[in-house]
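Below is one structure, written out as structure tokens, with a few remarks after it.
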Amino acid sequence: MANSGVEDAALRLLGAIYDLSGSKLYEPVPVVVPGEPAMGAAPKAGVDADTTENEVALRYLVDQEYVRAAGDPSTGGGQDYELTVAGLDRVRQMRGLDGPGPSERTGLSDGTQKMLVTAIGIVGSQILARPLTRFIGEQIPERRGVRDDVLEAVLKGLARAVALSLASILVRQLALRRRG
């Protein structure tokens, strides 16, 4: 349970850094302000700045890449930390500020949708290729030139693009129906 206590303190500290930065990325925020014990992210988060809890919580946030060190502690003052994109996303997730999650967006995962689009696209491409192959066999002479090869490639590419587009539309409609 010690790990959850560290994580809890770290996430409170992350929320305080988010608030003090005005929810701005890469805005330096002091964790502790020397000479002013009530200032900084640690007191706002309820984390005692003079204990190892503060250091461990900060190390956790840095390791998770939620914050990064900014400024120079040798210039007289505490180390400042900046909120990263991952940290901003984590705070928004904790506070419910994000839009709908992936499971709410559609009834199928992104991986499943990609797999279905690929499979249906291949089948559709094969179905469209049959009449196209007959047409090419009838229209293009036995003695083929570069122009004939280019025409065949363009027609087959167009058939594949149409099949993939239709597959994508079909899978999107299927995913929306499964959601509802």
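All of the numbers you see were taken from the coordinates with simple rules; none came from a lab. These figures come from a predicted structure and were not determined experimentally.
The table below lists the values:
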quantity: Hull-based mean projected area of region 2-99, where the convex hull spans the alpha carbons, in square nanometres; calculated: 6.0
quantity: Residue-by-residue Karplus 3J(HN,Hα) for region 18-25, coefficients 6.51, -1.76, 1.60, Hz, glycine and proline x; calculated: 4, 5, 5, 7, x, 6, 9, 5
quantity: Ellipticity estimate at 222 nm from DSSP helix runs (n ≥ 4, -39,500 (n - 2.57)) divided over the chain, nearest 500; calculated: -21000 deg cm²/dmol
quantity: Sequence-distant lysines (8 or more away, or on other chains) whose Cα lies within less than 25 Å of LYS114; calculated: LYS156
quantity: Distance cut-off 25 Å, percentage of C-alpha pairs in the chain lying past it; calculated: 58
quantity: Hits among lysines - C-alpha to C-alpha of LYS44 under 28 Å, sequence gap 8 or more where chains match; calculated: LYS24
quantity: Linear extension gain, THR51 paired with GLN93, 0.36 nm per residue minus alpha-carbon span; calculated: 12.3 nm
